[in-house]
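Enquirer: Pasting in a structure now, in structure tokens, and then I'll have a few things to ask.
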Amino acid sequence: MKNMNILLSAFRALQRNKMRSFLTMLGIIIGVAAVIAMLAIGQGAEYSVKETIASLGTNVLIVFPGSQQQGGLRMGAGTMTTLTEDDAAAIQRECPAVAYMSPGTRSGGQVVAGNLNWMTSIEGTGSDYLEIRKWAIEYGEFYSDQDVKAAAKVCVLGRTVADALFPDASPVGQTIRIRNVPFRVVGVLAKKGQNAMGQDQDDNILAPYTTVLRRLSHYPYLRQILVSATSASNMNAAQAQISELLRMRHKTSPGEPDDFTIRNQTDLAATATATTEILTWLLAGIASVSLLVGGIGIMNIMLVSVTERTREIGIRMSVGARGRDILTQFLIEAMVLSLLGGTLGILVGVTGSSAISYFAKWPTIITLLSIILSFGFSIAIGIFFGFYPARKAALLNPIDALRYE
């Protein structure tokens, strides 16, 4: 009963100064809301990065040409002309940890269908490309290995290109012209949407890499070789096998650097995840400063409250209240402020995160951990910053307090 009376007394004290109590809570509300919103943005960014990496396919390794060097000038990755069709065939044939392989090249240009046209990129791939990327065909079919060997003039359209060139009809079976070379459309890819960098993954055309090399780019070397390992546990083995094979085929002497680069999907995911996690906690740390400011506000108001109610504290002590009772009452007042502020902050943070996602089109993910973390931090702030004013009130001398004007 005594604890209930202390709690009711604390609520009555806060109700006497409603506006001051609300303004004190405002710091906590803003702090909790900011922490939840920043964590939601960070989690959303991490999810987007993982989705982008996952969209590359399953157990993917990407082999690029190495960096060309002229004198002391290094031209950057991909500037060497070292990857050939024979290299790609050897990887498929001689690396047991490799399940699928797709040579790759790229070109671009204006694509014309009837009286419509569209500027897009043309990716030359092998027949296993969709299996590696885990990309489905919406309708029609993909070109076969025979089409690749024959350098057939067939292609598959991305959803964006299909909508631009054939808004009112099915593209399958139609003919388009790429740099005045006619291609027959055999299929349309399923929609994938934008990646984390904002690029439209559906704004492209796939064609046999042999066709792109010989009829469009007239470039004899591959831009990349896309590889899928037999399993996630075999990715490092596949990478080692490919590296050993290419060094042997390119006659690279021991001690010389590779003339190619292999990017491992697992390494990409780990690096990207670590980066986004750091960003998430950095944002949360910045937002937590608002909570500290709110806690300082609570301490300030509680100190003012102790000063204003010095005579009341003296009367309570004179009729039997102990220092522990006074300490509990003021501590409860501080905790009530932080609890109410934390609760309202959660509502504001969840609403704000949803608004950011809706209006700014940023992915946000609100987790239970972020809510518990921010709410628990607000309670800790209330206790920490409320203890000093409460202890100061509890240590007042009753006689001095009764004399206070």
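FYI, it's all coordinate maths here, none of it is from the lab. Here the structure is a predicted model, which means the values were calculated and not measured. Using ideal geometry, Cβ is built from the backbone for each residue, glycine included, and neighbour counts are taken over all protein chains shown.
Enquirer: Which stretch or stretches of the stretch 272-292 have amide N atoms under 19 Å from the point lying 7 Å from Tyr47's Cα along the Cα→Cβ direction?
Expert: Within reach of a label on Tyr47, which here means backbone N under 19 Å from a point 7 Å along Cα→Cβ, the stretch 272-292 contributes 272-284.
Enquirer: Let me ask something else. Compute the length gained on full extension between Lys361 and Ile379: take 0.36 nm times their separation in residues and subtract their Cα-Cα distance, giving the result in nm to one decimal.
Expert: Taking Lys361 through Ile379 to full extension adds about 3.2 nm, to one decimal.
Enquirer: For the stretch 81-258, what class follows from the C-alpha gyration tensor (a ≥ b ≥ c being the square roots of its eigenvalues): rounded when a/c is under 1.5, otherwise prolate if a/b is larger than b/c, else oblate?
Expert: prolate
Enquirer: Okay, next question. Which of the GluC sites (Glu not before Pro) found in the stretch 113-174 are in a DSSP loop and have at most 12 neighbouring Cβ atoms, other than their own, within 10 Å?
Expert: Passing sites in the stretch 113-174 are Glu141.
Enquirer: Sorted from fewest to most neighbouring beta carbons within 10 Å, what does the list Ile365, Ile41 look like?
Expert: In order of increasing Cβ crowding within 10 Å: Ile365, Ile41.
Enquirer: Still on this model: Roughly what % antiparallel, to the nearest 5, for the DSSP beta bridges in the chain?
Expert: Antiparallel: roughly 80 percent of the beta bridges in the chain.
Enquirer: Figure the gain on full extension for Leu8 and Lys149 (residue separation times 0.36 nm, minus the Cα-Cα span) and round it to one decimal in nm.
Expert: Fully extending the segment from Leu8 to Lys149 adds 42.3 nm.
Enquirer: Shape verdict for the chain, please, from the Cα gyration tensor: rounded (a/c under 1.5), prolate (a/b greater than b/c) or oblate.
Expert: prolate
Enquirer: Next up: Work out, step by step, the length gained on full extension between Ser170 and Tyr219: first 0.36 nm times the residue separation, then minus their alpha carbon distance; give nm to one decimal.
Expert: Full extension of this stretch gives 14.4 nm more.
Enquirer: For the pair Gln110/Gln15, report the inter-label distance in nm, with labels modelled 7 Å from Cα in the Cβ direction.
Expert: For the pair Gln110/Gln15, the computed spacing is 7.7 nm.
Enquirer: Roughly what % of DSSP beta bridges within the stretch 154-307 run antiparallel, to the nearest 5?
Expert: Percentage antiparallel, nearest 5: 65.
Enquirer: Take the alpha carbon atoms of the stretch 278-303, find their center, do the same for the stretch 332-381, and report the distance between the two centers in whole angstrom.
Expert: A separation of 13 Å, based on Cα centres.
Enquirer: Could you work out the helix-only [θ] at 222 nm for the chain, with each DSSP H run of four or more residues adding -39,500 (n - 2.57) and the total divided by the number of residues, to the nearest 500 deg cm²/dmol?
Expert: Dividing the helical sum by the residues of the chain leaves -18000 deg cm²/dmol.
Enquirer: Quick one: of the DSSP bridges fully inside the stretch 81-258, what percent are antiparallel, nearest 5?
Expert: In the stretch 81-258, approximately 75 percent of DSSP beta bridges are antiparallel ones.
Enquirer: Can you compute the modelled spin-label distance between Ser243 and Thr81, with each label point 7 Å from Cα toward Cβ, in nm?
Expert: Output for this residue pair reads 2.8 nm.
Enquirer: How do Asp168, Asp203, Asp87 rank when sorted from fewest to most other Cβ atoms within 10 Å of their own Cβ?
Expert: The fewest-first ordering by Cβ neighbours comes to Asp168, Asp203, Asp87.
Enquirer: Additional query: Could you go through the stretch 361-371 in sequence order and give the Karplus-derived ³J(HN,Hα) for each residue, using 6.51 cos²θ - 1.76 cosθ + 1.60 with θ = phi - 60°, rounded to whole Hz, and x for Gly and Pro?
Expert: These are the phi-based 3J(HN,Hα) values: 6, 8, x, 10, 10, 9, 9, 4, 4, 5, 5 Hz.
Enquirer: While we're looking at this one, here's another question. When the Karplus curve 6.51 cos²θ - 1.76 cosθ + 1.60 is applied with θ = phi - 60°, which whole-Hz ³J(HN,Hα) does each residue of the stretch 326-331 get, with x for Gly and Pro?
Expert: 5, 4, 5, 4, 5, 5
Enquirer: Also, quick follow-up: Let me confirm the definition first: pairs of Lys residues in the chain, 8 or more apart or on different chains, C-alpha distance under 29 Å. How many are there?
Expert: 19
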